[in-house]
1. Residue check, H59 against (1) surrounded by 18 or more Cβ atoms within 10 Å (Cβ to Cβ); (2) in contact with a Pro (Cβ under 8 Å, 6 or more places away or on another chain), all met but one. Which one?
2. Look at the range 21-50 and say how many of its residues are hydroxyl-bearing (S, T, Y), part of a helix (DSSP H, G or I) and either surrounded by fewer than 15 Cβ atoms within 10 Å (Cβ to Cβ) or in contact (Cβ under 8 Å) with a residue 60 or more places away in the chain (or both).
3. Find all pairs meeting these conditions: Cβ atoms under 8 angstrom apart; at least six residues apart or on different chains; first residue within the range 62-89 and closer than 26 Å to H35 by Cβ and open to solvent by 60 Å² or more (accessible area, probe 1.4 Å); second residue aliphatic (A, V, I, L, M) and part of a loop (DSSP other than H, G, I, E, B).
4. Taking the range 1-20 on its own, how many of its residues are among the small types (G, A, S) and open to solvent by 70 Å² or more (accessible area, probe 1.4 Å)?
5. For the range 2-19, enumerate the residues that are at pLDDT below 90 and either closer than 17 Å to F64 by Cβ or aliphatic (A, V, I, L, M) (or both).
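The values are calculated or read from the model by the stated rules, or taken from the named source; none is laboratory data. Keep in mind it's a predicted model, so treat the numbers as computed, not measured. Glycine gets a Cβ as well: all are built from the backbone with ideal geometry, and neighbour counts include every protein chain shown. Protein only, heavy atoms only, side chains kept; ligands, DNA and RNA dropped before computing areas. Shrake-Rupley method; radii C 1.70, N 1.55, O 1.52, S 1.80 Å.
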Amino acid sequence: MTPEEGMRAHLDLQGGAAGGLMLPIHWGTFNLAAHAWSDPGEGTITAARKADARIALPHPGEPFEPTAETVPSEPWWRGVAVIPAGGWPAVDAPRTADITRTADVDGTRTDTAGDIQGGTIDGGGGPKAVSAS
């Protein structure tokens, strides 16, 4: 799955609109592909920008809280990867203030980074069971 396909799957699972945090996985630990080692990370950043989606970019094994106000968002691989011809693309600042409260499948409200930043938290933010039907 390419970064673009991964973002499309992320959006599809949310009903087509960006809402939740995307955590790209299974990349950046081994250089076993024909493309540059940094391409999946860079492609994910590009796909997230196009979709106006929020992504987390933790170092391999780095813990973080997905519902926190901020998440790891720096392209960490740039410090260890070969710099591509032409240099690295610019990275936008992480989104937080423009994230708004959204409705869950069952119509209840979900806490987002914007809610937490503003001090408004509904129901404790624990996981909920959602019917597959």
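1. In the conditions (1) surrounded by 18 or more Cβ atoms within 10 Å (Cβ to Cβ); (2) in contact with a Pro (Cβ under 8 Å, 6 or more places away or on another chain), H59 misses (1) alone.
2. 1
3. E74/L57; E74/V91; V82/A36
4. The number of residues fulfilling the criteria is 1.
5. A17, A18
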